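What follows is a set of notes on a single structure, which appears directly below.
The values are calculated or read from the model by the stated rules, or taken from the named source; none is laboratory data. Predicted model only: the values in this text are computed from it and were never measured. Virtual Cβ from ideal backbone geometry, glycine too; neighbours counted across all protein chains shown.
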Amino acid sequence: MNPPFAHVLTLLLLLPIVGAVVVALTRRESESLHKLVGLGVSLATFALSTRLVTLFRDTAGMQFEERQAWIPAWGISYHVGVDGLSLWLVILTTFLTPLCLLGSWSSIETRVREFVVFMLLLEAGMIGVFVALDLFLFYVFWEAMLIPMYFLIGIWGHDRRIYAAVKFFLYTFAGSVLMLVAFLVLYKTAGIRSFDIPALVAAPVDPALQTWLFLACALAFAIKVPMWPFHTWLPDAHVEAPTAGSVILAGVLLKMGGYGFLRLAIPLFPDAAVRLAPLVGVLAVIGIVYGALVSLVQTDLKKLVAYSSVSHLGFVMLGIAALSTTGVTGAVYQMLNHGISTGALFFLVGMLYDRRHTRAISEFGGLRAAMPWYFAVFLLISLSSIAVPGTNGFVGEFLILLGAWSFSPWLVVAASLGIVLAAAYVLWMVKRVFYGELTNPKNQGLPDLGLREATVLVPLVVLSIVMGIASPLFTRRIEPAADALVRLVRERTTGPQPAVAAAAPAQPGAAR
Amino acid sequence: MNDVLDLRPAVPAAMVAVTGVVVLLAQAFTPKGARAPSFSLSLAGLAGALGSVWLLWSGSGYGAVLAGALAADGLALFLQGLVLAVAIVTVLLSPGYLRANGLERGEYYALMLFSVVGMMGLVASLELVSMFVALEIMSVALYGMAGLDRRRRESQESALKYFVTGAFASGFLLYGIALVYGVSGSTSLERVERAIGVAGAQAQPLAVLGAALLLVGFGFKIASVPFHMWAPDVYEGAPTTVTAFMAAGVKAAAFGALLRVFDYGLGGLAQHWQPLVAALAIVTMVIGNLAALAQRNLKRLLAYSSVAHAGYLMTALVAAPMVAGEAILFYLVAYAAVNLGSFGALAALSKDGAEPLTLADVAGLSERRPALAAALTVVLVSLAGIPVTAGFVGKFYLFGAAISAGRIGVVLAVVGVLASVVSAYYYLRVVVAMYMEDPVGEDRWSHATPAAAIALALSVGATLVFGLWPAPVLSMARLAARSLL
């Protein structure tokens with residue numbers, strides 16, 4: 001690797017932080033400057049992060065690793081790196097942040113400086129979670145990132161923003177603190193005086209203890225995902241947050257839960273993970289069906305999208321619970337898809353809200369005539385959200401169901417019900433909003449997508465199709481890491497596996 | 001140790017004491033109408049003392065004076081440095097606040113300096129009687145400071161309450177010291193430790209009772225439940241800068257003495273007092289945080305939060321002395337920075353009797369005083385124990401230390417982190433008021449004086465720097481904790 005890119009991850013972390021500091025030091029009145037600097041910095045971060053993709057080698061190991069002692073007495077180090085599980089999530093973060101800043105260009109009118117500062121800090125925090133390879137570092141990013149999100153919801157949110165912000169904060173904070181205790185217990189029992197994740201993964205933990213530690217971590221991650229029944233913070237936070245907040249929340253923050261399972265809970269506590277996988281699977285499927293059913297009865301567009309996230313993330317968790325290469329690959333892929341399609345849906349709902357200042361489905365109808373381009377984009381994204389073949393959603397859900405079949409056919413059958421329901425609630429919503437006569441006079445003459453809005457949406461639309469057609473471009477980078485994880489779990493729980501046997505379920509035609 | 005005439009270990013405390021006398025005299029000899037240079041004198045004296053502590057720390061200054069009663073070992077120097085730093089920041093905070101509240105009197109600085117002398121003696125005492133004397137020097141000065149604003153009833157109440165409960169605590173301490181002396185035949189901690197090691201089972205009940213009484217006495221000073229009743233009233237009634245000084249300084253000094261007495265002198269009885277400490281820690285964390293939930297007055301809220309923090313600190317005491325010492329010493333540094341920041345921000349805010357500050361009083365602060373609101377946010381986040389602040393690293397070590405003690409420690413840590421979640425709610429309520437609510441009425445807030453701004457910048461800076469880069473302070477704390485071996 002050429003020297004400038006030896007520290008690419010550190011640069012990715014520092015760039016938004018430096019940008020935030022610069023913006024914070026400028027005068028409060030120069031709002032366009034804040035927006036421009038914010039956009040510029042986030043675009044630069046994205047440009048830098050693309051180097052990760054081009055330099056990435058399709059192997060299972062950690063890449064772009066950096067390690068620096070931080071608190072030597074406790075074996076804590078600044079250790080970062082990416083592998084197939086985290087690569088695309090980092091890219092997703094750097095990709096969505098500039099879009100969010102661009103998307104909020106005119107809808108955020110107050111305290112622009114603070115908004116840009118918090119968005120950039122949030123970006124750094126999210127990247128940090130995905131690249132951290134030290135438990136302490138991971139926890140620092142995991143928690144620190146709550147603060148900017150809390151402010152985003154609480155300052156720029158809608159009517160019940162304070163309630164939603166506090167609920168979001170306390171819910172996630174309560175979930176994570178027990179994880180901290182689990183980390184400390186792990187540190188003490190592992191006996192290697194280190195918080196390094198790869199080192200701890202290599203040091204087996206007593207299976208009896210694993211269950212407790214797994215549960216403590218799983219609670220933190222399950223709240224973040226969110227898995228049923230820990231999802232109740234999500235509709236409030238999503239609905240009350242400003243558009244950019246909802247996009248980041250749905251697009252990236254929720255992925256930290258699934259990622260946490262893959263990076264920490266499962267490899268650190270494989271015995272417990274295998275033992276408790278049925279529980280995770282059942283909760284995931286309940287989430288799929290429950291989220292879809294609740295979406296069906298929503299009268300508020302944003303709430304509908306929010307509850308659909310519960311359903312979509314249920315698929316992700318099913319793929320993770322299956323603990324097969326295909327399932328895990330599908331889960332990671334579906335996390336990206338959800339980030340793209342739900343992110344886009346929140347943008348779209350936000351754009352409609354900017355025009356009408358309402359999100360009630362009953363206020364609309366016949367918008368197809370007034371806003372044809374908007375309708376086209378909305379329909380396309382909706383199709384991706386309900387996993388129509390040819391869109392990204394299809395690949396992800398298909399891989400997950402395929403990977404979960406050997407885990408439990410019954411759960412797969414039940415989860416398929418969620419797909420049907422998804423089609424129902426999404427298409428019904430599309431019908432109510434766009435088809436029929438344009439009866440509401442307030443909807444007459446609504447402007448169609450502007451240039452700025454189109455600029456935000458086009459990359460998302462393009463990606464949802466590209467990821468539907470050219471999925472191997474993405475999955476071949478995910479798969480080796482997913483396979484390594486699955487193999488690690490098998491070796492730990494059932495003893496060493498012959499390489500062939502372990503690799504056998506790892507070659508589904510669909511993933512190729 | 002043998003060189004009787006080597007008084008170097010006593011130099012820092014002596015410098016502060018002399019400065020205190022000079023401040024008083026300067027006050028007396030200042031012509032009417034002119035202002036006595038109390039502020040600069042105090043600052044110079046404290047800075048000089050801090051410098052000499054540093055020289056002792058980095059040089060070969062370890063040793064003891066007064067026949068082994070006062071030591072200049074790692075623990076003493078670490079905490080003396082901390083107490084001096086706390087005093088310096090408090091002095092910086094003071095002029096603006098005193099002027100705004102009509103309290104500009106020279107004895108304020110003198111009393112603070114004498115109290116610092118007491119704190120420095122408290123953390124340096126290797127002997128129970130001198131420890132008691134130092135504790136009284138510290139406390140008597142503080143009683144006076146708490147009642148400085150004598151026109152305000154709350155301030156009078158604060159002083160009286162502090163005095164009465166303080167006297168009560170002194171009684172327990174003395175009785176405890178007497179019992180320990182009865183068992184060991186000495187008040188020197190070194191001899192106490194040895195005597196308890198060799199004492200048979202028949203001497204044990206007496207020693208345990210003595211330890212329990214000492215624990216009650218210290219419990220008052222560190223404001224642990226159920227000996228915390230005075231804290232909210234005293235913290236609320238005292239002038240805010242005095243509250244800042246008490247919260248940061250007294251806790252550091254009292255915990256330093258507690259560490260030395262229990263983890264060193266009474267270390268042999270650990271299996272007896274540790275369960276007691278664990279139980280106290282749990283009720284302190286739970287009750288402190290639950291009571292803070294109900295507070296509307298910011299000073300009372302912070303007072304209950306200070307009670308809760310005594311509980312967090314106590315969790316580490318179940319660990320081995322070195323581990324506990326390291327974690328507690330680091331946390332005391334973090335806690336001092338955070339408390340000076342939070343009470344200091346309140347002191348910088350208040351204006352011509354506009355105290356007490358309620359939540360409603362800070363509504364919309366971020367619009368009017370963005371820097372101050374940001375500073376207060378950082379320290380509140382640190383109090384809640386959220387990264388990237390010193391409060392998080394501190395709690396991480398405290399609970400880490402507790403967990404190293406086994407099952408009981410895990411229970412303590414779980415209670416501790418859950419209590420932190422509760423605390424996040426009331427800390428965040430302040431942030432909500434500052435950032436998410438609109439300002440009410442006209443702008444009544446005062447501007448921070450340059451000196452107060454420096455003090456706040458120091459506190460907030462320390463909170464962030466020790467949160468991001470704790471290793472240097474941590475290794476110093478580790479070095480200091482060796483004194484407990």
Taking region B:150-190 on its own, how many of its residues are touching a strand residue (DSSP E or B) at 6+ places or on another chain (Cβ under 9 Å) and free of Cβ contacts under 8 Å to residues at least 24 places away in the same chain?
-> 1
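Yes or no, residue by residue, for (1) surrounded by fewer than 24 Cβ atoms within 10 Å (Cβ to Cβ); (2) assigned to a helix (DSSP H, G or I); (3) touching a helix residue (DSSP H, G or I) at 6+ places or on another chain (Cβ under 7 Å):
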| residue | (1), (2), (3) |
| --- | --- |
| B:Gly68 | yes, no, no |
| B:Leu75 | no, yes, yes |
| B:Phe78 | no, yes, yes |
| B:Gly96 | yes, yes, yes |
| B:Glu104 | yes, no, yes |
| B:Tyr109 | no, yes, yes |
Looking at region A:84-96, is at least one residue within 14 Å of chain B (Cβ to nearest Cβ), of a type in the set (Gly, Ala, Ser) and under 29 Å from B:Trp469 (Cβ atoms)?
-> no
Filter result for B:Gly197 (more than 26 Å from the chain's Cα centre (by Cα) and surrounded by fewer than 19 Cβ atoms within 10 Å (Cβ to Cβ)) = yes
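From B:Tyr435, B:Tyr427, which residue is touching a residue at least 12 places away in the same chain (Cβ under 8 Å), under 30 Å from A:Arg27 (Cα atoms) and more than 10 Å from every other protein chain (Cβ to nearest Cβ)?
The unique qualifying residue is B:Tyr427.
Find the residue count for region A:38-86, including only residues that are surrounded by fewer than 22 Cβ atoms within 10 Å (Cβ to Cβ), aliphatic (A, V, I, L, M) and not in a helix (DSSP H, G or I). Walk me through how you get there before you give the answer.
Applying the first criterion (surrounded by fewer than 22 Cβ atoms within 10 Å (Cβ to Cβ)) to region A:38-86 yields A:39-40, A:43-44, A:46-48, A:50-51, A:53-63, A:65-75, A:77-78, A:81.
Remaining after also requiring aliphatic (A, V, I, L, M): A:39, A:43-44, A:47-48, A:53, A:55, A:60, A:62, A:69, A:71, A:73.
Add one more test, that the residue is not in a helix (DSSP H, G or I), and what stays is A:60, A:62, A:69, A:71.
The total comes to 4.
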Among the residues of region A:359-417 satisfying the criterion of being more than 20 Å from the chain's Cα centre (by Cα) and of a type in the set (Phe, Trp, Tyr), which is nearest to A:Asp300 (Cα to Cα)?
-> A:Phe364
Conditions: (1) at positive phi; (2) surrounded by 24 or more Cβ atoms within 10 Å (Cβ to Cβ). B:Gly364 meets all but one. Number of the miss?
-> (2)
Identify, by number, the condition in (1) more than 14 Å from chain A (Cβ to nearest Cβ); (2) under 20 Å from B:Leu84 (Cβ atoms); (3) crowded, with 16+ Cβ neighbours inside 10 Å that B:Ile454 doesn't meet.
-> (3)
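Going by the structure shown, is B:Ala405 more than 8 Å from every other protein chain (Cβ to nearest Cβ), of a type in the set (A, V, I, L, M, F, W, C) and more than 20 Å from the chain's Cα centre (by Cα)? Even if it seems obvious, please write down each step before you answer.
Details: more than 8 Å from every other protein chain (Cβ to nearest Cβ): yes; of a type in the set (A, V, I, L, M, F, W, C): yes; more than 20 Å from the chain's Cα centre (by Cα): yes.
When the stated conditions are applied, B:Ala405 passes them.
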Unmet criterion (only one of (1) more than 9 Å from every other protein chain (Cβ to nearest Cβ); (2) part of a helix (DSSP H, G or I)) for B:Ala413 = (1)
Determine, yes or no, whether B:Leu113 is assigned to a loop (DSSP other than H, G, I, E, B) and either closer than 21 Å to B:Gly144 by Cα or acidic (Asp, Glu) (or both).
-> no
Could you say which residue among A:Leu254, A:Leu279 is crowded, with 24+ Cβ neighbours inside 10 Å and over 24 Å from A:Glu363 (Cβ atoms)?
-> A:Leu254
Report, ordered by the first and then the second residue, all pairs with beta carbons closer than 7 Å, sequence separation of six or more or different chains, a first member in region B:467-485 that is within 11 Å of another protein chain (Cβ to nearest Cβ), and a second member that is charged (D, E, K, R) and surrounded by 18 or more Cβ atoms within 10 Å (Cβ to Cβ).
-> B:Ala477/B:Glu326; B:Arg478/B:Glu326
Name the one entry in B:Ala44, B:Ala28, B:Ala49 that is in a helix (DSSP H, G or I) and either surrounded by 15 or more Cβ atoms within 10 Å (Cβ to Cβ) or in contact with a His (Cβ under 8 Å, 6 or more places away or on another chain) (or both).
-> B:Ala49
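Which residue, of B:Leu464, B:Leu418, is surrounded by fewer than 22 Cβ atoms within 10 Å (Cβ to Cβ), aliphatic (A, V, I, L, M), part of a helix (DSSP H, G or I) and more than 10 Å from chain A (Cβ to nearest Cβ)? So that I can check it myself, show each step before the final result.
Numbers: B:Leu418 fails: more than 10 Å from chain A (Cβ to nearest Cβ).
Criteria check complete, one pass: B:Leu464.
Restricting to region A:56-83, name every residue that is among the β-branched types (Val, Ile, Thr) and within 14 Å of chain B (Cβ to nearest Cβ). Steps first, answer last, please.
In the first step, residues of region A:56-83 are kept if they are among the β-branched types (Val, Ile, Thr); the result is A:59, A:71, A:76, A:80, A:82.
Within region A:56-83, A:Ile71, A:Ile76 qualify.
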Residues being in contact (Cβ under 8 Å) with a residue 24 or more places away in the chain and out of contact with any strand residue (DSSP E or B) (no Cβ under 9 Å at 6 or more places or on another chain): count how many of those fall in region B:51-76.
-> 8
Scanning region B:436-465 residue by residue, those modelled with pLDDT of 90 or more, closer than 30 Å to A:Met179 by Cα and not small (Gly, Ala, Ser) turn out to be B:Val460, B:Thr463, B:Leu464, B:Val465
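Which of the residues that make up region B:438-464 are among the β-branched types (Val, Ile, Thr) and without any contact (Cβ under 8 Å) to a residue 24 or more places away in the chain? Spell out how you get there, then give the answer.
Start the filter on region B:438-464 by keeping residues that are among the β-branched types (Val, Ile, Thr), which leaves B:440, B:449, B:454, B:460, B:463.
Result: no residue meets the conditions.
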Could you say whether any residue in region B:368-386 is in a loop (DSSP other than H, G, I, E, B) and more than 9 Å from every other protein chain (Cβ to nearest Cβ)?
-> yes
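Pick from A:Val22, A:Val53, A:Val37: which is closer than 28 Å to B:Ala471 by Cβ, more than 14 Å from every other protein chain (Cβ to nearest Cβ) and out of contact with any Cys (no Cβ under 9 Å at 6 or more places or on another chain)? Talk me through it step by step, then tell me what you get.
Numbers: A:Val53 fails: closer than 28 Å to B:Ala471 by Cβ; A:Val37 fails: closer than 28 Å to B:Ala471 by Cβ.
Of the residues listed, the single one that is closer than 28 Å to B:Ala471 by Cβ, more than 14 Å from every other protein chain (Cβ to nearest Cβ) and out of contact with any Cys (no Cβ under 9 Å at 6 or more places or on another chain) is A:Val22.
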When you look at A:Pro270, is it under 27 Å from A:Pro207 (Cβ atoms) and in contact with a helix residue (DSSP H, G or I) (Cβ under 7 Å, 6 or more places away or on another chain), yes or no?
-> yes
